[in-house]
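Participant: Quick one: this structure, given as structure tokens, is what I'll be asking you about.
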Amino acid sequence: MRLEPLELRLLRQGGPLLDQVRQALTSHGRPLRWAITAVEPSPEGPVLVIEAVVVIDEAL
């Protein structure tokens with residue numbers, strides 16, 4: 001098991017925000033902690049900047 005820092009940008013879609021953030025993070029590992037640190041405007045809609053630490057399970 002190792003901890004990996006992560007920063008990603010997520011284009012905000014309609015629907016529950018928490019589900020969108022969790023889905024984006026779990027594609028990189030198991031989220032340990034995360035925070036939305038910025039919201040940037042874009043023509044497509046708000047882009048969330050998310051800083052996180054994810055757990056990567058490594059096989060022995």
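Participant: Quick one: if the Förster radius is 30 Å, what FRET efficiency do T37 and R2 give, using the C-beta to C-beta distance and rounding to 0.05? Each step should come with its number before you reach the end.
Facilitator: Working: r = 23 Å, r/R0 = 0.75.
E between T37 and R2, to the nearest 0.05, is 0.85.
Participant: Relative to the longest principal axis of the C-alpha atoms of the chain, give the angle of the C-alpha long axis of helix 17-26, reported between 0 and 90° and rounded to the nearest 10°.
Facilitator: 40
Participant: Let me ask something else. Below 8 Å between Cα atoms, with a sequence gap of 6+, how large is the relative contact order for the chain in percent? Before the final figure, lay out each step's value.
Facilitator: Numbers: 102 pairs, mean separation 29.7, N = 60.
Relative contact order comes out at 50 percent.
Participant: Spin-label point model (7 Å from Cα, Cβ direction): what's the R9 to V49 distance in nm?
Facilitator: Spacing of the two 7 Å Cα→Cβ label points: 1.0 nm.
Participant: Taking the chain as a Gaussian network, where each spring joins two C-alpha atoms under 10 Å apart, which residue of L25, L48, L17 fluctuates the most?
Facilitator: Checking each option, the largest mean-square fluctuation is seen for L17.
Participant: Let me ask something else. Please give the solvent-accessible surface of S27 in Å², to the nearest 10, using a probe radius of 1.4 Å with every protein chain present.
Facilitator: The value for S27 is about 90 Å².
The values are calculated or read from the model by the stated rules, or taken from the named source; none is laboratory data. A quick note: this is a predicted structure, and the numbers were derived from the prediction, not measured. In this analysis, Cβ positions are derived from the backbone assuming ideal geometry, glycine residues included, and neighbour counts consider all displayed protein chains. When the accessible area is computed, the model is the full protein with side chains, heavy atoms only, and any ligands, DNA or RNA have been set aside. Shrake-Rupley method; radii C 1.70, N 1.55, O 1.52, S 1.80 Å.
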